[in-house]
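The values are calculated or read from the model by the stated rules, or taken from the named source; none is laboratory data. Quick caveat: nothing in here was measured; it's all calculated off a predicted structure. Quick reminder, even Gly has a Cβ in these numbers, built from the backbone with ideal geometry, and neighbours come from all protein chains shown.
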Amino acid sequence: MNIPNLLSLLRLLLTVIFVVAVNRGRFDLALICFLLQAISDLLDGLLARLMRAKTYLGAVLDPMADKIMLASSYIVLSVHGIIPLWLTVIVIGRDFFIASGFLVLYKFSHKLRPRPSILSKFTTLFQMCTVVYVLWSEEREFSLPLFYITGVFSLSSGVHYMIRGIETVINRPRER
């Protein structure tokens, strides 16, 4: 187990603390946990490259920790009426759609490693910024434009992955 993978595991632990903090109305603690999660997300990828410690486990664990972190955040904040349900459905629906597509491609002999696109990275950034903003800000009325931007990035990224999946199938070498 290398340091980047341990950071991904830390992110999973912080997700549990984050959810408990939000449920207890401790938005200050939730914000600290979420910021630590975001920093660990940046660090694990950077360290994996710098330390030449990229592993298959890390390629699976890192995005899984990200998805669990963001899905949990959006669900718990939506339950408390802080983030609208429609945005939570878009964020989680996108991740479910991408994961399902990846599994289908993998099942049909497209032995792929998860590779995030630049659009996906911006989507994750906006999703994280949305959570940070709503935890930090007392003035929720300014959140609406950020919700729409995050929703558009999430939908666009989902469509982009769908196009990449279709291209993978089309460009697949034919068996003879």
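Within the range 65-101, restricting attention to residues that are in contact with a helix residue (DSSP H, G or I) (Cβ under 7 Å, 6 or more places away or on another chain) and not in a helix (DSSP H, G or I), the residue that is farthest from Ser156 (Cα to Cα) is His80. Within the range 43-53, at least one residue is in a helix (DSSP H, G or I), in contact with a Gly (Cβ under 9 Å, 6 or more places away or on another chain) and acidic (Asp, Glu).
For the range 96-109, the criterion of a residue being within 25 Å of Cys33 (Cα to Cα) and at pLDDT 90 or above is satisfied by at least one position.
Do we have Gly81 as modelled with pLDDT of 90 or more and over 27 Å from Ile163 (Cα atoms) here? Yes, satisfied. For Tyr56, the criteria (1) closer than 10 Å to Arg11 by Cα; (2) exposed (fewer than 14 other Cβ atoms within 10 Å of the Cβ); (3) not aliphatic (A, V, I, L, M) hold in every case but one, which is (1).
Specify the residue that is modelled with the highest pLDDT; the eligible residues are those in the range 59-78 that are among the small types (Gly, Ala, Ser) and buried (at least 21 other Cβ atoms within 10 Å of the Cβ).
Here is the first cut: in the range 59-78, the ones among the small types (Gly, Ala, Ser) are 59, 65, 71-73, 78.
Now drop any that are not buried (at least 21 other Cβ atoms within 10 Å of the Cβ), which leaves 65, 73.
On the way: Ala65: 91, Ser73: 97.
Ranking the qualifying residues of the range 59-78, first place goes to Ser73.
For Leu46, the test of being free of Cβ contacts under 8 Å to residues at least 24 places away in the same chain and surrounded by fewer than 16 Cβ atoms within 10 Å (Cβ to Cβ) is passed.
The residues of the range 134-154 that are within 19 Å of the chain's Cα centre (by Cα) and surrounded by fewer than 16 Cβ atoms within 10 Å (Cβ to Cβ), listed by number, are Tyr148, Ile149, Val152.
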